[in-house]
Amino acid sequence: MTAPTELLLGTASAAFTTADLAAVRSSLRDRLCHPHATSVDLEVRPDVLRDPARAAGSDRFRWSPATVRRSLGLAALDACAAGRFRTPAEAVIGVADEAVDAWQRTGWRQFHWEPWLATAGPGARGAVLAEATTWASLLWPMLDWQGLTTQRQVRFGGPARRVTFAGGPVGRLRARADVRVGRPGASEGHPGDGVQPGGSERPDGEGSRRRDVQGNSGPGAEGGAGTSARDDAGEHVTSSTVVTVCAGTPGPTWRAELALVALVDLLAGPPRPTARRVVGLWPESCTARSLDVGRDELEVAARAVIDVVGAVVGAAVRVAAGPEAGAATASSPGGSEQSAHPAVQEEAA
């Protein structure tokens, strides 16, 4: 058994309550919806915590080898774990052919990229297969996939989950679970989520699950978002381990990145099974880290989101105000630059 597999099978030690999650949600709602940010459109994802410059602006989505590789790669891993193929390279070709053939016969798009891949030229198709094969081949030896699927409930892929806080455009959070490992007897997946292996990368609604968080909602009002590792009576509920695949090597923000995956999973709800542990895999460096989800971890994610949004919004406000406002800010008492976002000022105080 590989060391990352042992992380998946371990028992989470942290815990949180419904009230804990409601407090974190309320803090995010109050701090993200700010009038200074009405002209700024941001989406905060785990990779944005590593590089805040990625938060502002987004290109129109289009299918490409890069946007297909995760979906196709996860479906290939699922097929290998089920014993249908011996290697990810074989599985990528087989799954892609099966998906396109099924779409051409029935019109059913299991992954959404079938029409694009069916009309792609030989070069583009080759690039898709190469990208997905590389992605899946790096991930395949990290975990005992066949052992996991025999002993546990394993779901590959699934759509990205989003949470939008009503009252301001900057409150959009997005994260995804690449693999979800549940305990024996756990109910698999979430109502409304697609259960197709690999899911879809498409961010425009077809491959995403979105939850709008209302400003006056109470604990549990967001379709189960208040449900946590303990119910209102303090009893533990069914839990799962969420796996997220990351690029490169773990950076200084790795803990906040994994915590954000759990926070979005819980707020998007209904969390059945509940994310109690997040395991991050960095296949390129063959590194794995785990994070047990408790109140402290949820607050770490919330603070990281608030800091990123505050920095980006503050910069946008200064640019909009012109050079005179920037000079006035730079000459503020103490000689240090003050953020235009009150949330950041509060944290500093």
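Counting Lys and Arg as +1 and Asp and Glu as -1 over every other residue whose Cβ lies under 10 Å from the Cβ of Ala118, the net charge comes to -1. Full extension of the chain between Glu98 and Ala53 gives 12.3 nm of extra length, using 0.36 nm per residue less the Cα-Cα distance. Label-to-label distance for Trp116 and Asp30 is 4.2 nm, based on points extended 7 Å past Cα in the beta-carbon direction. Between Gln146 and Ser13, the C-beta separation translates, for a Förster distance of 30 Å, into a calculated FRET efficiency of about 0.60. By the count of other C-beta atoms within 10 Å, a proxy for reagent exposure, Ile306, Ile93 are ordered fewest to most as Ile93, Ile306.
Coordinate-derived values only; no laboratory data. Here the structure is a predicted model, which means the values were calculated and not measured. All Cβ positions, glycine included, derive from the backbone under ideal geometry; neighbour counts span all protein chains shown.
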